[in-house]
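To keep things clear, I will list the structure first and then write my remarks on it.
What follows is calculated from the coordinates using simple rules that are stated; it is not laboratory data. From a predicted model like this one, the values you see are computed outputs, not experimental measurements. Every residue, glycine among them, receives a Cβ derived from its backbone with ideal geometry; neighbour counts consider all protein chains shown.
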Amino acid sequence: MKIIQITERLGTQRHIAAVRQGVLLNVPVIVIGAFAVMLNQVSIPWYQQVTQLFFGSAWEVFWQAVATAAREGISILLVLSISYFLALSHKKTSGKVHPLTAAFVAFVCLLVWIQPFTKAGIQGLPFEATGVGGIFFAVFTALLATEFFLWLTTVNRLGSRRLFADVADPILSQALACILPAAATILLFALLKDTMVLAHWHGIDMNLYRSFVDLFQQIQSPVVQLTLFYLVVHLLWFLGLHGNNIMEPVLESLQLDQMQSVFVLEASQSAGALTKTFLDVFGLIGGSGSTFSLLLALFVISRRGNMAWLARLSTIPAIFNINELLLFGLPVVLNPVLLIPFLVVPIVLTCMAYLAISHGMVAAVIQPVHWTTPPLISGYLATGSWTGAGLQLIGIAIGTLIYLPFVSLHEAQKNREMTSGLRQLTDEVAAAPALFRNHFLSRQDEAGTLARLLAHDLKHTLARNELFLEYQPQVDQHNRVVGIEALLRWSHPTYGRIPPILMIAVAEEAGLINAIGKWVLDTACRQLRDWKYSGLDGIRMAVNVSAIQLQSRTFVEELLAILHQNELENGELEIEITENIALNNDARTICNLDAMRRHGIRVAIDDFGMGHTSLRYIKHFPVDRLKIDGILSRDVIHDENCQKIIASIVALCSTLGIETVVEYVETEEQRNLLLELGCRQYQGYLYSPPLPAAEMVRYLLEQNKPQRKVVNRKQEHFGH
Ligand code: C2E
Ligand code: MG
Ligand code: MG
């Protein structure tokens, strides 16, 4: 539990978060780079022959160009993106300093550091510093330069904005205010560089790196060397850094000095089998963390939802041991639950393969295989024997078994987070006034991500039959059902029931409400027709509509068409609109409300008493019914004010000829008091919660006395 808390804290730490987000932003470039390397170097003979035959050397030139472009510029991209996110998270300067300015300053600082110094002038930038080899230094520069620059902008004299307040364009104003801090940061880096050149520490960035590489070279035992190497790679991944890319120069140096000589082995030299090929082929099947097994575990556990989608997306890259999508997407990054198998599986698989080879059960590695060669093929090619492929197969199975419980735990944890996120978002939606519920999709926080995810899934709900309606009775003082309210439900395949209020807010913002609203009207009316056909007469169906639906030109037309198609009288439908909609004095809304009334479609005001209650609009929009909200009826027993308000609403409505119904009636006591106050119609759990259609029929048959007659009629109906 403690580890989880620590990693959670680490994950939200500004610098670590900026590095992670900066790397994530570059995932498309990293993946295309890895693919280009793979397509260029697949070590399958027939592949090479076919590409040579059809494309000649053009194939290599093409993919080499892509691979070089994507890989050798990655440090520059990282310095920009990491600095951008770091500036974005800086509270003091947010809104004052454009994060891109900070990114540009950090980029210039990196250039200051890495440009080679020669008397003849600058000779272009070295790939060893701009590419994968320079990542570590780029991260360091991004953090240092950005923090220093942002700090300078907060120093009053340097970042004074008063001077530029009258500049017309705010971007120019921000840029002008950054001149001095930017200059000071860049000059500081230049000064450091100058000092180092004069002190003959030229190329400090590379030197630092080289000493790091040297550290590894000093270790004598190749076993310890490689174990340590992979431990560092995996820990870097855990921190959100691309472990393989950062450690690539280390690996290259190890290979050059020691590994290459043991790449090709005699079968008897099994102890020397710990080569890069051996590890790639048997220890890291699918890439760091043996992610091929992780992928299979994901397929077993997550059949639906985001994780399954991610697994599907990562399958083809994973076949070629490219696992960035999976590692960043899952994320293994800062996830202590997944870190355990991520570290353990490669070790277990390596030990198992080592034992199998050293006991002669499996042929030894006899030739190098490129790391992008797919599993099984790579096992065969490396050992020249099918026993190699067999060993890989067993390794994948064991790895999957180890990953399974952890993935399952991760899935449960994710679902819990999602559920609590949904709850929070629902509370936020409920707390926001109806007219201000349209700002969730553009938010950059977790709530925004969740809302976008729901909006994405909501688009497919109608086609996938995930939406359905439940029905809640409205009952009079003699327990007769006088109406039924249709309530929308969404059963999300992963998160279960989504509260309607949240779903409606997302649908409104995502522009889906007209389609969904029409489906609700259509389904409710069809249901009413079916009930009528089976003899359940005299029921009025109430359907909620949103403000946006009422602003549609074709709303009333569509409504009449639906009623006509289902052979319903116009008076059998009641449209529930919330108080806030009515207050929205938009011309189209008024026109639609008038048209509905003219056609005899009933209009009810929902949630009366919730918002900016104003009786004024009853004059503007003559309505048939007023639904007194739970906020008044819930506290009616203990709150005298509520009693007075309800009594006066009911009295006023009765003089205006408007029916009233009280919502959220949950107890007998509450109902009796409401009756005393003059309320004659009720809706709430005292009578019934919202029910699926079939249960609603049962309820109607049992509860509604006059319906008994109907039952007989129904029996007659079926009898004939
Ligand atoms: P609403 O129209 O005021 O619906 C009544 C809500 O109160 C329903 O919540 C119902 O389940 C709940 N309720 C009924 N009786 C009781 C009770 O005794 N105690 C308690 N605690 N709750 C009770 P639900 O289904 O979650 O719907 C929430 C809101 O979502 C609805 O409020 C309505 O504004 C909106 N909504 C539902 N379906 C639709 C729809 O098809 N279209 C639109 N635009 N909005 C809808
Ligand atoms: Mg309603
Ligand atoms: Mg209501």
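Sort 642, 178, 591 so the one with the fewest other Cβ atoms within 10 Å of its own Cβ comes first.
Going from least to most buried by this count: 591, 642, 178.
Treat each spin label as a single point 7 Å out from the Cα along the C-beta direction, and report the residue 464 to residue 479 distance in nm.
Calculated label separation equals 4.3 nm.
List every residue whose amide H lies under 5 Å from the amide H of residue 491, counting only residues 5 or more places away in sequence or on a different chain, with H placed 1.01 Å from N in the peptide plane.
When sequence neighbours closer than 5 places are left aside, the close amide H contacts are 468.
Starting from the stretch 510-596, pick out the trypsin sites (Lys or Arg not before Pro) whose DSSP state is loop and whose Cβ has at most 14 other Cβ atoms within 10 Å.
Sites meeting the loop and neighbour criteria: 553.
HN-Hα J couplings of the stretch 532-539 from phi, Karplus 6.51/-1.76/1.60, θ = phi - 60°, integer Hz, Gly and Pro as x?
Each residue's phi maps through the Karplus curve to give 5, 4, 8, x, 8, 7, x, 9 Hz.
Fewest to most neighbouring Cβ within 10 Å: what's the order for 640, 509, 252?
Least to most surrounded, the residues fall as 640, 252, 509.
Using a 10 Å cut-off around each Cβ, can you sort 631, 285, 171 from fewest to most neighbouring Cβ atoms?
The most exposed by this proxy come first: 171, 631, 285.
Less than 15 Å apart at the alpha-carbon level, and either on another chain or at least 8 residues along: which aspartates and glutamates does that give for residue 518?
Within the straight-line cut-off, residue 518 pairs with 508, 557, 558, 574, 576.
Quick one: if you stick a label point 7 Å off each Cα along the C-beta vector at residue 398 and residue 564, how many nm between them?
Inter-label distance under the simple model: 7.3 nm.
Through the Karplus equation 6.51 cos²θ - 1.76 cosθ + 1.60, θ set to phi - 60°, convert the phi angles of the stretch 477-490 into ³J(HN,Hα) values in whole Hz; use x for Gly and Pro.
Each residue's phi maps through the Karplus curve to give 5, 9, 6, 8, 6, 9, x, 9, 9, 8, 10, 6, 10, 10 Hz.
With no solvent and one point per C-alpha, what does the Debye sum give as log10 I(q)/I(0) for the stretch 355-444 at q = 0.17, 0.22, 0.26 Å⁻¹?
These q points yield log10 I(q)/I(0) values of -0.81, -1.03, -1.19.
Order the peptides 486-492, 557-563 from the highest to the lowest mean number of other Cβ atoms within 10 Å of their residues.
486-492, 557-563
Using a Förster distance of 22 angstrom, determine the FRET efficiency expected from the C-beta separation of residue 358 and residue 231, and round it to 0.05.
Between residue 358 and residue 231 the formula returns 0.50.
Report the full-extension gain for the segment residue 595 to residue 693: residue separation times 0.36 nm, less the Cα-Cα distance, to one decimal in nm.
Using 0.36 nm per residue and subtracting the Cα-Cα distance, I get 32.3 nm.
Would you kindly derive the ³J(HN,Hα) couplings of the stretch 335-351 from the backbone phi angles with the Karplus curve 6.51 cos²θ - 1.76 cosθ + 1.60 (θ = phi - 60°), listing them in order in whole Hz, with x for Gly and Pro?
10, x, 5, 7, 4, 4, x, 4, 7, 6, 4, x, 5, 4, 5, 5, 4
Please pull out the direction-averaged projected area of the stretch 466-704, using the convex hull of its alpha-carbon atoms, in nm² to one decimal place.
Projected over every direction and averaged, the Cα hull of the stretch 466-704 covers 13.0 nm².
Need one number for the stretch 408-508: average projected area of the convex hull over its C-alpha atoms, nm².
8.7
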